[in-house]
1. Going through the stretch 216-256 one residue at a time, which ones are in contact with a Leu (Cβ under 9 Å, 6 or more places away or on another chain) and of a type in the set (Gly, Ala, Ser)?
2. Are there any pairs, at least 6 apart or on different chains, whose C-beta atoms fall under 9 Å, with the first in the stretch 112-127 and without any contact (Cβ under 8 Å) to a residue 12 or more places away in the chain and the second of a type in the set (S, T, N, Q), and if so, which?
3. Residues that are at pLDDT 95 or above and either assigned to a loop (DSSP other than H, G, I, E, B) or more than 22 Å from the chain's Cα centre (by Cα) (or both): does the stretch 351-361 have at least one?
4. Before we move on, is Val56 in a strand (DSSP E or B) and either more than 20 Å from Tyr158 (Cα to Cα) or at pLDDT below 95 (or both)?
5. For the stretch 346-363, enumerate the residues that are open to solvent by 80 Å² or more (accessible area, probe 1.4 Å) and more than 16 Å from ligand 2 (Cβ to nearest atom).
6. Residues being open to solvent by 60 Å² or more (accessible area, probe 1.4 Å) and assigned to a loop (DSSP other than H, G, I, E, B): count how many of those fall in the stretch 68-84.
7. Of everything in the stretch 22-41 that's within 15 Å of ligand 1 (Cβ to nearest atom) and open to solvent by 10 Å² or more (accessible area, probe 1.4 Å), which residue is nearest to Asn377 (Cα to Cα)?
8. Select, from Glu134, Glu140, the only residue that is of a type in the set (D, E, K, R) and either surrounded by fewer than 16 Cβ atoms within 10 Å (Cβ to Cβ) or modelled with pLDDT of 95 or more (or both).
Amino acid sequence: MSGDVDLLVVGAGFYGLTVAERAANELGLRVQVIDRRPHIGGNAYSELEPSTGIEVHRYGAHLFHTSNERVWEYANRFTAFTGYVHHVYTTYRGEVFPMPINLGTINQFFRSAHGPAAARALIAEQASELEGREPTNLDEKGVSLIGRPLYEAFIRGYTAKQWQTDPRELPASVIARLPVRYTYDNRYFADTHEGLPVDGYTAWLTRMADHPRIDVRLDTDFFADHDLGRDRVVGQLPVVYTGPVDRYFDYAEGPLSWRTLDFEEEVLGVGDFQGTSVMNYADDDVPYTRIHEFRHFHPERDYPRDRTVIMREFSRFAEPGDEPYYPIGTATDRARLLAYRDRAAHEPGVHFGGRLGTYQYLDMHMAIGSALAAVDNQLPDLLAAGR
Ligand code: FAD
Ligand code: UDP
């Protein structure tokens, strides 16, 4: 088969499909894509819940946002975007507050009417227990950003549920990306461009793969014994691999740790369950971290008025066989990753990319952006070395 294919792409997620599309369209290559799942799209895959027609994101809610003009222009070749702007609320002890923490959250929590300066002074005073020390873990970072009362209400319980690790054992960086705003702006993302694909993620991803020089074979595991399997292909054909890097090397340096999610989906006989798309649950005695209600992602669609689809999200450590979702990145993981990177650099004709191939949390725009960069910078060498 390698005679009529120029490039094998393992994984039909955003990274793999961006490489495949560019290689076929721009470079004129014949590309074979394989995925072990029965559908394309990787974790961005979505489908219509059959009894309601409501689009459900199968692997957790996906919101597209980017400030990268190249990625935005590229994405718009395959789909138009709605004007959806993401907002999140959180329930704490029977009361609903806006997230991320902003002047509205602060004033509601303290039953106050502070302006920005007074709110800053209040939080600075409540954060003073650190006495100017640099925070060394998530607990200290949270207190330094928002003071102990807000930290304990909105961050500690949620984070404990999401990570099942004492916040004093977690790196400060986990919540560094959660902003605190001294205005009433409660947009979740601050990027230039934001929206949802007008006719869904799967339509977008299907258009990326729709090219006469791209062939997609599903239900095909790279590590099984067949004509497109690792042992027959590597060294014969250039490979872009977007599966887990530790799996590729048969876990020779030890497994990398991941968190996984369990989703509990329910169709309810009401037109609107929670009035918004995502409600977080801050209390540690509520077992799930958040509830998604998918109809609110597309208010412009004509969805049924008497039924709705919700999904409760539960977080836990991934066991062998679970879907890997979030890289944990302990000190052991970081040491193993360096060893895997070294092995990857010496694997001729194979390029490792995407969130699993690099063990990095990547948003969709980051996966697309890094794939576009790889086509420019690494693909020429890969094509030369792969045969
Ligand atoms: P993936 O989409 O994971 O694709 C990798 C593909 O490789 C998979 O289809 C897999 O089946 C396949 N594969 C793996 N091993 C093999 C094998 N051995 N043989 C064949 N195929 C294989 N990003 C955002 O921008 N906004 C969001 O709101 C957002 N929410 C998210 C929520 C959750 C719960 C998660 C987990 C991620 C979220 N993301 C979000 C990130 C987004 O999912 C990623 O950016 C995107 O999936 C990265 O694409 P990828 O191609 O690198 O990986
Ligand atoms: N977080 C929190 N309370 C919230 C939302 C987030 O404590 O209501 C913390 C939590 O530690 C989480 C991190 O902020 O892991 C990042 O949250 P975000 O919603 O950006 O992460 P996601 O799970 O959507 O990738």
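1. Within the stretch 216-256, Gly243 is the sole residue that qualifies.
2. Ala113/Asn107; His114/Asn107; Ala118/Ser112
3. The first filter runs over the stretch 351-361 and keeps only residues at pLDDT 95 or above, leaving 351-359.
Next, only the ones that are either assigned to a loop (DSSP other than H, G, I, E, B) or more than 22 Å from the chain's Cα centre (by Cα) (or both) stay: 353, 359.
Checked against the condition, which is being at pLDDT 95 or above and either assigned to a loop (DSSP other than H, G, I, E, B) or more than 22 Å from the chain's Cα centre (by Cα) (or both), the stretch 351-361 yields at least one hit.
4. Spelling it out, Val56 is indeed in a strand (DSSP E or B) and either more than 20 Å from Tyr158 (Cα to Cα) or at pLDDT below 95 (or both).
5. At the first step, the residues of the stretch 346-363 found to be open to solvent by 80 Å² or more (accessible area, probe 1.4 Å) are 346, 348, 360-361.
Hits for the stretch 346-363 are His346, Pro348.
6. Taking the stretch 68-84 as the starting set, the residues that turn out to be open to solvent by 60 Å² or more (accessible area, probe 1.4 Å) are 68-70, 73, 76-77, 83.
If we keep only those that are assigned to a loop (DSSP other than H, G, I, E, B) as well, we get 68, 76-77, 83.
Residues flagged as open to solvent by 60 Å² or more (accessible area, probe 1.4 Å) and assigned to a loop (DSSP other than H, G, I, E, B) within the stretch 68-84 amount to 4.
7. Applying the filter and picking the extreme gives Arg22.
8. Numbers: Glu140 fails: either surrounded by fewer than 16 Cβ atoms within 10 Å (Cβ to Cβ) or modelled with pLDDT of 95 or more (or both).
Checking each option against the conditions leaves just Glu134.
The values are calculated or read from the model by the stated rules, or taken from the named source; none is laboratory data. Here the structure is a predicted model, which means the values were calculated and not measured. Here Cβ is always computed from backbone atoms with ideal geometry, including for glycine, and neighbour counts include all displayed protein chains. Quick note on the areas: whole protein, heavy atoms, side chains included, nothing else; ligands and nucleic acids left out. Shrake-Rupley method; radii C 1.70, N 1.55, O 1.52, S 1.80 Å.
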